[in-house]
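The values are calculated or read from the model by the stated rules, or taken from the named source; none is laboratory data. In this text, all values refer to a predicted model and were calculated from it rather than measured experimentally. All Cβ positions, even for glycine, are placed from backbone atoms using ideal geometry, and neighbour counts span all protein chains on display. In case anyone asks, the SASA skips ligands and DNA or RNA and just uses the protein heavy atoms, side chains included. Shrake-Rupley method; radii C 1.70, N 1.55, O 1.52, S 1.80 Å.
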Amino acid sequence: MKIALQFSGGVDSLACLWLVRNTPDLTVYWGKTDGAYEDMEDYVRKVCAAAKLPLKIVHGDRGIEEHGYPSDLIPEQVFACCSRGLWEPMRKAMIADGIEVVVRGQRKDDVLKAPIESGYRDDQGITYLFPIYDWSRLTVMDYLMDTIPQLIHPCYGEGEPTGRDCWDCTGYLFDNAQRILNLPDDKRAFILQKLGGHHELA
């Protein structure tokens, strides 16, 4: 049975990866968008090497030139941007590879999560499993600090509440504010200009 673990680089997916790392026929899938942080690929490779798991990198283009940068004022824009850059390329790659089971670090108290439960089977026959679904964020952090503190991405030590996807993301400001403020000066200025009236980030 071919199994994929979707890894975002965040602590939930890291805990999930480490928990199930000895599962036979498990491959880690990571989505690399056209806005990916420069250091993220090295980080993902480091985690997979430590877990002794094969890695497949799936490239995605958000279509920013055509669609523009998304705004939280229009949630559909944010959803569509993530779909183009991450979710659809990942789904197509897994279908093409004959993946039968997808493992995710989704938790039931996540603010943002897919509207499905562990054990769901989609129209392609892929079953989705969420091994840490009943864990709290505190349980996740305790598990990681007890097992692999050295593999937690440094962004969490810099006050960022989530893992890093696209450095130039203009959506999810409730999570992204600190991440934006931590950007180098030129990149932070670029994002603040795109956000326009969001002066509370300045």
Would you kindly enumerate the cysteines in the chain that have no other Cys beta-carbon under 4.7 Å from their beta-carbon?
Cys16, Cys48, Cys81, Cys82, Cys155
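Over region 65-202, with the other protein chains present, what is the accessible area per residue in square angstrom, probe 1.4 angstrom? List each step's numbers first, then the result.
Working: 7790 Å² over 138 residues.
Counting only protein heavy atoms, the per-residue value for region 65-202 is 56 Å².
Region 52-143: percent of C-alpha pairs farther apart than 17 Å? Please report the intermediate quantities before stating the final value.
Numbers: 2612 of 4186 pairs.
The calculated P(r) of region 52-143 puts 62 percent of pairs beyond 17 Å.
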Taking the chain as the reference, fit the longest principal axis to its C-alpha atoms, fit the long axis of helix 137-147 to the helix C-alpha atoms, and give the angle between the two in degrees, 0 to 90, nearest 10.
60
Please calculate the 1.4 Å probe accessible area of Thr162, with all protein chains present, and give it to the nearest 10 Å².
40
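Taking the Cβ-Cβ separation of Met145 and Ala50 as r and a Förster radius of 22 Å, what is the calculated FRET efficiency to the nearest 0.05? Don't skip to the end; give the middle numbers.
Values: r = 16 Å, r/R0 = 0.71.
Calculated transfer efficiency: 0.90.
Over region 56-99, calculate the relative contact order: mean separation of alpha carbon pairs under 8 Å at least 6 apart, over the residue count, as a percent.
Values: 25 pairs, mean separation 20.9, N = 44.
Computed over region 56-99, the figure is 47 percent.
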Test of the criteria: in region 1-97, which GluC sites (Glu not before Pro) are in a DSSP loop and have at most 14 other Cβ atoms within 10 angstrom of their Cβ?
Glu38
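At a threshold of 8 angstrom on Cα-Cα distance, excluding pairs fewer than six apart, so keeping six or more, what relative contact order does the chain reach in percent? If you can, show how the numbers build up before the last one.
Values: 301 pairs, mean separation 52.0, N = 202.
Relative contact order of the chain: 26 percent.
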Simple spin-label estimate for Tyr120/Lys92, 7 Å along Cα→Cβ, in nm, reads 2.2
Whether region 107-181 is rounded, prolate or oblate, judged on the alpha carbon gyration tensor where a/c under 1.5 counts as rounded:
oblate
With DNA, RNA and ligands ignored, accessible area of Lys108 (1.4 Å probe; Å², nearest 10):
110
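Suppose only helical runs count, i.e. DSSP H with n ≥ 4. What mean residue ellipticity at 222 nm does that imply for the chain under -39500 (n - 2.57) per run, divided by all residues and rounded to the nearest 500 deg cm²/dmol? Numbers along the way, then the final one.
Details: 8 runs with 74 residues, N = 202.
Calculated mean residue ellipticity at 222 nm is -10500 deg cm²/dmol.
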Leaving ligands, DNA and RNA out of it, report the carbon-plus-sulfur percent of the accessible area of region 131-174 at a 1.4 Å probe.
58
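First obtain the Kirkwood hydrodynamic radius of the chain from its Cα pairs, then insert it into the Stokes-Einstein equation at 37 °C and 0.692 mPa s, and state the resulting D in µm² per second as a whole number. Walk me through the numbers before you get to the answer.
On the way: Rh = 17.7 Å.
The diffusion coefficient I find is 186 µm²/s.
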